[in-house]
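Chemist: The structure is given below, and queries will be raised subsequently.
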């Protein structure tokens, strides 16, 4: 703790400092001032927890100094010193809640006892404030949560405002706007400390005479109800959005949307709902975009749908099967140009379209008998769709798969149709733990012994070697995704016995599944 000694007698100050073992009392810094005016300035600069102050001093008395100090440093604990038995000063000291009044000449034992008592009182004050702050924060969070619900009980909102000690929230003309941040991952996974972040945002808003009610919703959504007596101009809103975005930079990918402004706390849900709708549109914009109603209004209309996009699956399939790489990528560029930065379509509409395009790509690989390593299963396609945080990410994934398709088409050697059928069958059934050579041979209408001999002569691998390798490569892909438990991965690639899967994986890769996951992280 810091201690400020205010006394016009230098001898008193130096005597106090030298005669007491301040370290043993927990005093880490001692400050000095020679009168009330300088004492006030030192207190403003250094914010001492304890003030040991003479009563009578030139320019400003200790009483006058502490009366002013009470306004900006209310938790500091004063201890008065005086060589005069003046009842009026004593009354003033008691009024200022001085915990002690020490008469001069000073005795070190009395000073030490007074300082220890002051420390105890200061810690009690801090604990009390901390409890009040936690309670206040809980009420603010409940109010912020209530404002995200369709209006049904205005009395509940009013009661929370009064309990929070902010009746001004109920006044007519108070402006509110809801700002929602969507994270790419959960708050816990991002490693941010919400209380610090919230405090930083609140401090920034004070520059604009604004305040904020904050609540976390559904793991990845953070809602800020910003309010003040003056409406936010587009310039102020842009500055606020930019600052909030910078605060969330440490969380990785995020999108931000602001609803419309309302002038009644009972209508804040309207602002929140409009922000939710805008947040859907954010999917079509680059990450860290701060989207507002005004920004949407300024967007140019998209115009008519290009001819190539009237039947996108058919157009895409035609270019893929014909091996027309340049027109195919021109088609994909047209697709992206048309749907990006739009405010007409919903993300799920585009995900449905891209699901069909990924399936078209898989069907084209099958028709052209390309190596099935990248032959997408439906569940992996769905993962790609769900994991795309923005439309740009989703489109990039499709372009990468398409580029790989053309690369494989150029490098592929004509494969025996029976071998292709066997590999394709394995790619669609490898997750079945009962998959056997008999099942595979039945699929291609050949005997089991002939299929084994034929496959080995054509590929240089036994059928079981190929199946194990295929399963292990799929396991590697799944291990790179932390959402899947190792036990889940085992069953997903056709192993009911987790221990056997672990041994097989280590034999194949040289690492246990957990070691491989750690190596990939």
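Chemist: If the requirement is being outside the structural domain of residue 151 (by TED's automatic domain parsing) and exposed (fewer than 15 other Cβ atoms within 10 Å of the Cβ), which of these qualifies: 286, 234, 304? Before the answer, list the steps.
Modeler: Numbers: 286 fails: outside the structural domain of residue 151 (by TED's automatic domain parsing); 234 fails: outside the structural domain of residue 151 (by TED's automatic domain parsing).
Selected residue: 304, the only one of 286, 234, 304 that is outside the structural domain of residue 151 (by TED's automatic domain parsing) and exposed (fewer than 15 other Cβ atoms within 10 Å of the Cβ).
Chemist: Another question, then. Restricting to segment 103-120, what's the tally of residues that are outside any loop (DSSP other than H, G, I, E, B) and surrounded by fewer than 17 Cβ atoms within 10 Å (Cβ to Cβ)?
Modeler: Going residue by residue through segment 103-120, those that are outside any loop (DSSP other than H, G, I, E, B) are 103, 108-120.
From the residues that got through so far, the ones that are surrounded by fewer than 17 Cβ atoms within 10 Å (Cβ to Cβ) too are 103, 108-110, 112-113, 116-117, 120.
Number satisfying all stated conditions: 9.
Chemist: Which residues, taken from segment 164-181, are loosely packed, with under 15 Cβ neighbours inside 10 Å and either farther than 14 Å from residue 267 by Cα or not assigned by TED's automatic domain parsing to the domain that holds residue 260 (or both)? Walk me through how you get there before you give the answer.
Modeler: Kept after step one, since they are loosely packed, with under 15 Cβ neighbours inside 10 Å, are these residues of segment 164-181: 165, 167-168, 171-173.
Selection gives 165, 167, 168.
Chemist: If a residue has to be at pLDDT below 85 and surrounded by 12 or more Cβ atoms within 10 Å (Cβ to Cβ) to count, how many in segment 185-198 make the cut?
Modeler: So the first thing to find is which residues in segment 185-198 are at pLDDT below 85, and the list is 185-196.
Those still in the list that are surrounded by 12 or more Cβ atoms within 10 Å (Cβ to Cβ) too: 185-187, 189-190, 192, 194.
Count: 7.
Chemist: Give segment 212-231 a look and list any residue that's surrounded by fewer than 17 Cβ atoms within 10 Å (Cβ to Cβ) and either in contact with a helix residue (DSSP H, G or I) (Cβ under 6 Å, 6 or more places away or on another chain) or over 14 Å from residue 177 (Cβ atoms) (or both), or say none. Write out each step before concluding.
Modeler: From segment 212-231, those surrounded by fewer than 17 Cβ atoms within 10 Å (Cβ to Cβ) are 217-219, 221, 229-231; that's our starting set.
Result: 217, 218, 219, 221.
Chemist: From the list 110, 117, pick out the single residue that is in contact with a strand residue (DSSP E or B) (Cβ under 9 Å, 6 or more places away or on another chain), closer than 30 Å to residue 82 by Cα and free of Cβ contacts under 8 Å to residues at least 12 places away in the same chain.
Modeler: Details: 117 fails: free of Cβ contacts under 8 Å to residues at least 12 places away in the same chain.
One residue alone meets the criteria, 110.
Chemist: State all residues of segment 467-490 that are surrounded by fewer than 14 Cβ atoms within 10 Å (Cβ to Cβ) and over 14 Å from residue 380 (Cβ atoms); if no residue qualifies, say none.
Modeler: Residues satisfying the conditions are 469, 482, 485, 487, 488.
Chemist: Here is a further query. Restrict the check to segment 502-515 and report whether at least one residue is closer than 29 Å to residue 185 by Cα, touching a residue at least 24 places away in the same chain (Cβ under 8 Å) and surrounded by 13 or more Cβ atoms within 10 Å (Cβ to Cβ).
Modeler: Within segment 502-515 (the criterion being closer than 29 Å to residue 185 by Cα, touching a residue at least 24 places away in the same chain (Cβ under 8 Å) and surrounded by 13 or more Cβ atoms within 10 Å (Cβ to Cβ)), the answer is yes, since at least one residue qualifies.
Chemist: Quick check on segment 394-413: of everything there that is under 30 Å from residue 291 (Cα atoms) and in contact (Cβ under 8 Å) with a residue 60 or more places away in the chain, which residue is surrounded by the fewest Cβ atoms within 10 Å (Cβ to Cβ)? Break it down into steps so the answer makes sense when it comes.
Modeler: Restricting attention to segment 394-413, the residues satisfying the condition of being under 30 Å from residue 291 (Cα atoms) are 394-400.
Cutting the leftovers down to in contact (Cβ under 8 Å) with a residue 60 or more places away in the chain gives us 395, 398-399.
Numbers: 395: 20, 398: 19, 399: 16.
Here the answer is 399.
Chemist: Further, regarding this structure: Need pairs with beta-carbon distance below 6 Å; first residue over 16 Å from residue 176 (Cβ atoms) and assigned by TED's automatic domain parsing to the domain that holds residue 169 and within segment 192-210, second outside any helix (DSSP H, G or I) and modelled with pLDDT of 90 or more; sequence gap 6+ or separate chains.
Modeler: Once the first residue is over 16 Å from residue 176 (Cβ atoms) and assigned by TED's automatic domain parsing to the domain that holds residue 169 and sits in segment 192-210, its partners that are outside any helix (DSSP H, G or I) and modelled with pLDDT of 90 or more give 198/214.
Chemist: Filter segment 31-81 down to the residues that are surrounded by fewer than 19 Cβ atoms within 10 Å (Cβ to Cβ), within 24 Å of residue 124 (Cα to Cα), touching a helix residue (DSSP H, G or I) at 6+ places or on another chain (Cβ under 6 Å) and modelled with pLDDT of 90 or more and list them by number.
Modeler: Once the filter is applied, which keeps residues that are surrounded by fewer than 19 Cβ atoms within 10 Å (Cβ to Cβ), within 24 Å of residue 124 (Cα to Cα), touching a helix residue (DSSP H, G or I) at 6+ places or on another chain (Cβ under 6 Å) and modelled with pLDDT of 90 or more, segment 31-81 yields only 31.
Chemist: In addition: So, in segment 499-517, how many residues would count as being within 18 Å of residue 482 (Cβ to Cβ) and not in a helix (DSSP H, G or I)?
Modeler: The qualifying residues number 2.
The values are calculated or read from the model by the stated rules, or taken from the named source; none is laboratory data. It should be emphasised that the depicted structure is a prediction, and the values quoted were computed from it without experimental measurement. Cβ coordinates were reconstructed from backbone atoms using ideal geometry, including for glycine residues, and neighbour counts include every protein chain displayed.
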